[in-house]
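Undergrad: Just dropping this structure here.
The values are calculated or read from the model by the stated rules, or taken from the named source; none is laboratory data. Keep in mind it's a predicted model, so treat the numbers as computed, not measured. Because the Cβ atoms are built from the backbone with ideal geometry, glycine has one as well, and the counts that use them run over all protein chains shown. Areas reflect the complete protein model, heavy atoms only, side chains present, ligands, DNA and RNA absent. Shrake-Rupley method; radii C 1.70, N 1.55, O 1.52, S 1.80 Å.
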Amino acid sequence: MSVLNPHTFHIPVMGLSYTIDSPIRVAHLGISSVVSITDDELTERMRAFYCKKFLLPYQEITKKCSDYRAERIKEYLNMLHTVVTDKVQQFKEDLVANKSTLEHYVSLLPDASELKNNLQKFVEEGVQAKEQLKKYLTDYFVPGAIDVNIMTKVDKENYKGDQQLPVTFNDAHASLRGFAESNLNAAVVLSAGMNPRLYSYFEQFPVFYPDAEGGLQKRIILKVSDFRSAMIQGNFLAKKGLWVSEYRIESGLNCGGHAFATDGYLLGPILEEFKTKKDQLIESAHDLMVKALEAKNLPVPKAPLPLKITAQGGVGTAEEHQFLLKHYELDSVGWGSPFLLVPEATSVDEETRNLLAKSNEDDFYLSNISPLGVPFNTVKGMSNDFWKDKRINANKAGSSCPKKFLALNKEYDPQGMCTASKKYQDIKLAALDKEKNDLPEAIIAQQKAAIYEKACLCVGLANASYLENGMEIKGQQQGVVICPGPNLAYFNKITSLSDMVQHIYGKINLLTVTNRPHVFIKELQMYVNHLQKAVTDCSGVMTALQQKKWTAFKSNLQSGIDYYQDLFQQSTFFIDEKKQLQQQLNDYRLQVAGIEI
């Protein structure tokens with residue numbers, strides 16, 4: 001374990017706003033987090049808020065600026081860099097001056113951390129060692145990473161009047177430019193699949209190319225769901241001279257936000273493949289990158305660059321955390337949804353945080369509220385549901401769509417419309433009204449419900465920060481949309497940062513429920529339900545292509561169950577649960593076998 005990276009967990013991106021300022025809250029403690037840079041309006045307003053709070057100069061970037069989106073994102077990230085740098089310096093001074101601060105910080109670090117062991121000696125030596133402590137912190141203490149996230153497919157074309165702007169002004173392209181031109185030495189996490197045009201745009205920025213020693217000013221992280229996808233995307237970028245510094249494997253279903261189901265491949269077998277084939281990933285990409293850099297007359301590193309493998313999605317206990325790190329040799333484990341209950345770490349309004357704390361298993365569900373048409377994990381009782389229903393009851397369904405980040409549907413408008421917008425829903429409802437005499441009432445009701453279900457994520461996922469900070473919310477009332485994973489059902493109280501970190505490292509236990517399923521079992525359950533629903537929805541009219549797909553899905557699930565049975569039988573972890581885990585796997589084996597394709 002490196003002195004420079006003592007923590008073995010990170011906080012992944014959540015929504016648009018929930019981790020928007022997490023670096024300001026936790027980076028000085030060495031905790032890494034990821035900021036969404038999808039919403040430039042949110043970043044601009046949050047920059048104004050924090051510049052006022054920390055007495056920094058602020059000049060508004062309005063939409064009159066020709067490149068306002070990239071400029072807003074760049075300046076927000078520069079502000080984060082400035083604030084975090086100052087907080088880190090102040091924190092290091094406080095560590096030297098106050099023994100209680102040093103003791104508290106040491107208590108947050110994992111026992112195996114070299115940094116913890118060395119700082120503990122300074123705690124014991126006290127006042128006599130202050131100068132040595134100051135020097136040690138200067139040499140070895142680093143803040144948590146301020147990484148950013150771009151959803152690759154949220155890359156809407158933009159227009160000035162009827163004139164389409166160049167592709168570099170597309171949403172994701174402008175976000176990337178803002179990050180690339182910022183002062184951060186950090187990484188961009190690319191999620192939601194491959195966007196070749198966006199990936200090619202990376203070539204325009206020298207900061208993504210390595211120097212002769214292999215140093216990178218800006219790094220690339222790919223969020224992937226399986227090894228094949230990682231290999232394809234990593235090699236695609238390597239052919240351009242670009243290195244993927246980390247593959248962040250996320251459970252397809254047992255996660256927060258958008259859920260991209262695999263073809264029945266489960267997290268355990270996927271991680272096993274990354275573990276056994278990591279060298280293959282490195283060698284393949286290195287060879288391709290070297291050729292590309294030579295062709296571009298750029299410096300060529302003598303050896304392959306570092307490559308991290310991390311995982312996230314549904315982890316909830318210290319034993320699961322340690323197991324993932326040790327068995328799969330991971331560099332870090334992502335803990336997302338539980339941190340929504342930690343006010344010191346995430347930006348969530350009080351009403352929503354209280355809702356999350358009291359919600360149980362039945363309240364968390366996989367919905368169809370996303371305009372992207374991708375299943376979306378969320379929770380019942382959001383304030384967004386109230387305002388959405390109110391508009392429906394007043395025959396004013398749909399959002400005014402002020403931001404248009406998800407205006408990607410071109411069915412009725414070449415410039416794109418959002419399926420949650422009033423404009424789109426009015427068209428759909430009018431078309432449905434013409435068919436009311438030809439369709440059964442139940443079908444009409446079902447199709448109406450599908451139209452109404454879509455939620456304005458652009459506004460709903462940003463409002464929590466405004467509400468938490470007492471900032472004005474303009475325009476149509478949308479309330480809050482929040483996107484926790486189902487694992488949050490087992491955490492039932494608002495928690496301090498210290499307690500959550502102590503829980504992750506096994507010093508305390510925040511789980512009061514006794515029925516929480518193992519992270520692998522919970523994911524398996526969700527995949528079995530996913531298969532069952534898919535087969536039921538086909539209702540006897542399955543095409544040959546569908547039959548092939550779901551037969552392979554079923555086979556992959558059965559292989560995954562075999563893998564888990566061997567894994568748990570041999571593992572030195574989960575000893576007390578071993579019998580129960582094997583029984584649950586046997587039950588799911590029978591359930592899968594009983595699903596007829």
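Undergrad: Express the relative contact order of the stretch 92-218 as a whole percentage, based on alpha carbon pairs under 8 Å and six or more residues apart in sequence.
TA: Relative CO of the stretch 92-218 lands at 19 percent.
Undergrad: Please give the Cα centre distance for the stretch 87-163 versus the stretch 289-335, rounded to the nearest Å.
TA: 21
Undergrad: With viscosity set to 1.567 mPa s and temperature to 4 °C, compute the Stokes-Einstein D of the stretch 193-269, Rh being the Kirkwood radius across alpha carbon pairs; µm²/s, no decimals.
TA: 94
Undergrad: Another question, then. Which order do the peptides 433-443, 136-146 come out in when sorted by mean C-beta neighbours inside 10 angstrom, highest first?
TA: 136-146, 433-443
Undergrad: What is the mean projected area of the alpha carbon convex hull for the stretch 362-488, to one decimal in square nanometres?
TA: 8.9
Undergrad: Below 18 Å, Cα to Cα, which aspartates and glutamates can Lys92 reach? Residues fewer than 8 away in the same chain don't count.
TA: Correct list for Lys92: Glu103, Glu114, Glu124, Glu125, Glu131, Asp139.
Undergrad: For the stretch 235-327, report the convex hull volume of the alpha-carbon atoms normalised per residue, in Å³, without decimals.
TA: Hull volume normalised by residue count: 119 Å³.
Undergrad: Can you give the calculated 222 nm mean residue ellipticity of the chain, where each DSSP H run of n ≥ 4 adds -39,500 (n - 2.57) and the sum is split over every residue, rounded to the nearest 500 deg cm²/dmol?
TA: -14500 deg cm²/dmol
Undergrad: Any aspartates and glutamates with Cα under 19 Å of the Lys296 Cα? List them, leaving off those in the same chain fewer than 8 positions away.
TA: Glu203, Asp211, Glu213, Asp287
Undergrad: On to the next question. Let me know the Rg and Dmax you get for the stretch 446-597 when you use only its Cα atoms, in Å.
TA: 21.2, 58
Undergrad: Related question: What is the chain's relative contact order, in percent, from Cα pairs under 8 angstrom and six or more apart in sequence?
TA: 15
Undergrad: Express the relative contact order of the stretch 327-483 as a whole percentage, based on alpha carbon pairs under 8 Å and six or more residues apart in sequence.
TA: Normalised by residue count, the contact order of the stretch 327-483 is 27 percent.
Undergrad: Which of the aspartates and glutamates could a cross-linker bridge to Lys533, judged by Cα under 20 Å and excluding same-chain residues fewer than eight apart?
TA: Asp263, Glu361, Asp362, Asp363, Glu453, Glu523, Asp587, Glu596
Undergrad: Would you mind computing Rg(Cα) / (2.2 N^0.38 Å) for the stretch 354-434, counting N as its residues?
TA: After normalising by residue count via 2.2 N^0.38 Å, the value is 1.25.
Undergrad: Please go through the residue pairs Lys74/Lys153; Lys223/Lys522; Lys275/Lys493; Lys74/Lys326; Lys390/Lys428; Lys64/Lys423 and name each one whose alpha carbons sit more than 30 Å apart in this structure.
TA: Table pairs above 30 Å Cα-Cα are Lys275/Lys493; Lys74/Lys326.
Undergrad: Just report the Cα centroid separation between the stretch 218-267 and the stretch 461-521, whole Å.
TA: 25
Undergrad: Label points 7 Å out from Cα along the Cβ direction at Lys358 and Ala394: separation in nm?
TA: 2.6
Undergrad: Under a plain spin-label model, where a point goes 7 Å from the Cα along Cα-to-Cβ, how far apart in nm are Glu350 and Asn118?
TA: 4.3
Undergrad: Then there is this: Just the number please: accessible area per residue for the chain, 1.4 Å probe, all protein chains included, in Å².
TA: With the other protein chains kept in place, the chain gives 44 Å² per residue.
Undergrad: Which loop chymotrypsin sites (Phe, Trp or Tyr not before Pro) in the stretch 348-415, with loop taken from DSSP, have no more than 15 other Cβ atoms within 10 angstrom of their Cβ?
TA: Listed in order of number, the matching sites are Tyr412.
Undergrad: Quote the Stokes-Einstein diffusion coefficient, in whole µm² s⁻¹, for the stretch 491-581, based on the Kirkwood radius over alpha carbon pairs, a temperature of 25 °C and a viscosity of 0.890 mPa s.
TA: Taking Rh from Cα pairs, D becomes 150 µm²/s.
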